[in-house]
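Trainee: Below are the structure tokens for one structure; questions will follow.
The values are calculated or read from the model by the stated rules, or taken from the named source; none is laboratory data. In this text the structure is predicted, and so the values were computed from the model without any measurement. Every residue, glycine as well, gets a Cβ built from its backbone with ideal geometry; the counts of neighbours run over all protein chains shown. What goes into the accessible areas is simple: the full protein's heavy atoms, side chains included, and nothing from ligands, DNA or RNA. Shrake-Rupley method; radii C 1.70, N 1.55, O 1.52, S 1.80 Å.
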Amino acid sequence: MADGGSTGRADGTDGADGADKRDPASGGDGAIHRGHQALFIGGKWVPAAGDGTIEVVDPATEQVIGSVPAGTALDVDTAVRAARAALPGWAATPPADRAAVLAAARDLLAARREEVAATVSAELGAPPAFAAAVHADLPTAVLASYAEMAASHPFEERVGNSRVLQEPVGVVGAITPWNYPLHQIVAKVAPALAAGCTVVLKPAEDTPLVAQLFADVLAAAGLPAGVFNLVTGLGPVAGQALAEHPGVDLVSFTGSTAVGRQIGATAGAAVKRVALELGGKSANVILPGADLARAVNVGLANVFANSGQTCSAWTRMLVDAERYDEAVAIAAAATAKYVPGDRLGPVVNAKQRDRVRGYIRRGQEEGARVVAGGPDAPEGMESGYYVRPTVFADVQPDMAIAQEEIFGPVVVMIRYQDEEDALRIANGTVYGLAGAVWGADEESAVAFARRMDTGQVDINGGRFNPLAPFGGYKQSGVGRELGAHGLAEYLQTKSLQF
Ligand code: NAD
């Protein structure tokens, strides 16, 4: 991986301004951002109130690659005050000017593509090509979409004798996970800024470096002081303080269902807006007549990308009884191509590795058959949080491995008898984030997709669309991100009658 072999540790920034320290050995554009020893509040890098730090570890080498401050409730309070102070000015800024800042941020982020990719590669463990093509390029595309939308969105409309105004919700508390660290930040911050909101971000403790890089990008793009603030810190400390802060008008959270439930309850008690992007256990439904080899191969690629750490991954593969054995054979053979340390990166940390391996053992105990992979460490990998890409056959829909989100490179293959059976299995979890349907033709696949209780369905290998609304049915979440629907989350409406 890019820079993955480097174990040098940043000595931090010199005081409050947080100059960028890079590893001189890593060289050129692909240098890793190693961490400001400061929080970004009110347009400046400032020291944290306490002296706690969070070490950032490269999951491929288990070496510390940088560190950031562990912000506290006091820091969150300072940041929320800065965001509140900046709110009237930013909300009143003409949308075209907000769009210009977002467009400048897009250009600056694109110019730092190699650094973004190297940083995400180092703190998440993503293979370099995937880090560049997805972790760096997707946020750039989303920023571009909101730069355009800020300029063109009808923030006012006539409805009969009324003028309906769409106004910013206010101060946004954004709490993000580590699996797509920059994408999940941009999917909240870009629409919030386009809407005229101000933001306090608490990124995941495993991947704070790219969040700091993004704060530098926004500052360089000319975003006024206090409009975006960054407090790194632990979830139950800084995250909880942000979710509970009375100065926050909307909490937008992506992460586990357990924490999401808690944040939803806190927001509900305060009658505060909340958006939740939670887990998934999405179904890849291969209908009779579909191109089986393609559906299986694309399905595996979908799960193994990002080491299985994708909330929308199609982790349940549903195949009709007649072609089930053939599908299992294709999957077992194809999984051999995902070599850990090469095409397949590590998972994010030791806890996640142990959790995923625990689920693989549990699947065996439940009576499912491992046809590729298994719970042991991959051969020859002495360090790094690697898991063998694993495929289970003979999986019953009620097994834990078919119901619970594993968040690792594990696919479960379930046999169905007919389309009604497939639908019952596909809809038979508490989740409903995404899915795929493969049919003999588009029409039959769409007919099936219409009956799925889920927020996004890819038809016969349809491509990800950063403008399409993304979000969950059932316990996969509340609200939508991306595109116009994502912008709407950060707006509230006022009607003036004439
Ligand atoms: P998490 O929910 O614990 O963490 C997500 C974010 O919430 C982080 O920034 C964390 O610091 C913060 N947080 C944690 N506790 C908090 C609290 N009490 N109050 C406020 N904020 C808090 O998720 P995780 O530990 O990173 O991962 C655990 C599981 O969550 C994964 O195994 C996976 O199943 C799921 N997950 C889902 C997604 C998704 O996109 N849907 C992303 C990451 C993780």
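Trainee: Cα-Cα pairs above 14 Å in region 386-454: how many percent?
Mentor: Of all Cα-Cα pairs in region 386-454, 64 percent lie more than 14 Å apart.
Trainee: By DSSP, what percent of the beta bridges with both residues in region 343-486 are antiparallel, rounded to the nearest 5?
Mentor: 45 percent
Trainee: Taking 2.2 N^0.38 Å as the expected size of a compact globular protein, what ratio does the Cα radius of gyration of the chain give against it, to two decimals?
Mentor: Expressed relative to 2.2 N^0.38 Å, the Cα Rg reads 0.97.
Trainee: Taking the highest mean first, how do the peptides 155-166, 286-297 order by number of other beta carbon atoms within 10 angstrom per residue?
Mentor: Top of the packing list down: 286-297, 155-166.
Trainee: Here's another thing I want to ask about it. Could you work out the local net charge near Ala295, counting Lys and Arg as +1, Asp and Glu as -1, over the other residues with Cβ closer than 12 Å to its Cβ?
Mentor: -2
Trainee: Taking square-rooted eigenvalues a ≥ b ≥ c of the alpha carbon gyration tensor, is region 231-379 rounded, prolate or oblate, where a/c under 1.5 means rounded and, failing that, a/b exceeding b/c means prolate?
Mentor: prolate
Trainee: Can you tell me the length gained on complete extension of the stretch Val430 to Thr266, counting 0.36 nm per residue apart and subtracting the Cα distance?
Mentor: Full-extension gain reported as 56.9 nm.
Trainee: For region 356-498, what does the convex hull of the Cα positions come to per residue, in cubic angstrom?
Mentor: 175 Å³
Trainee: At 0.36 nm per residue, and after removing the present C-alpha to C-alpha distance, how many nm does the segment from Ala336 to Leu74 gain when stretched out fully?
Mentor: This chain segment gains 89.3 nm when fully extended.
Trainee: How large are Rg and Dmax for region 158-283 when calculated on the C-alpha trace, in angstrom?
Mentor: 15.3, 52
Trainee: Would you mind calculating the gained length between Ala258 and Asn161 on full extension (0.36 nm times residue separation, minus the Cα-Cα distance), in nm to one decimal?
Mentor: 30.4 nm
Trainee: Run the helix sum for the chain: -39,500 (n - 2.57) per DSSP H stretch of 4+ residues, divided by residue count, reported at 222 nm to the nearest 500 deg cm²/dmol.
Mentor: -11000 deg cm²/dmol
Trainee: Separation between the Asn465 and Asp97 pseudo-spin-labels, each 7 Å from Cα along Cα→Cβ, expressed in nm?
Mentor: That separation, rounded to one decimal, is 3.5 nm.
Trainee: Here is a further query. Quick check: pseudo-label points 7 Å beyond the Cα along Cα→Cβ at Arg361 and His485, how many nm apart are they?
Mentor: Modelled inter-label distance: 4.0 nm.
Trainee: I need to check one value: relative contact order of the chain, counting alpha carbon pairs closer than 8 Å and at least 6 residues apart, in percent.
Mentor: Reported relative contact order: 16 percent.
Trainee: Quick check for you: with a 1.4 Å probe and neighbouring chains kept, what is the accessible area per residue of the chain, in Å²?
Mentor: On a per-residue basis, 37 Å².
Trainee: To continue, here is another question. Give the angle, between 0 and 90 degrees and rounded to the nearest 10, that separates the Cα long axis of helix 292-304 from the longest principal axis of the Cα atoms of the chain.
Mentor: 40 degrees
Trainee: So how do 229-241, 114-126, 457-469 stack up, highest first, on mean other-Cβ count within 10 Å?
Mentor: In descending order of packing, they fall as 114-126, 229-241, 457-469.
Trainee: Could you give the dipole magnitude of region 421-461 about its Cα centre, charging the beta-carbon of Lys and Arg +1 and that of Asp and Glu -1, in debye to the nearest 20?
Mentor: That gives a dipole near 200 debye.
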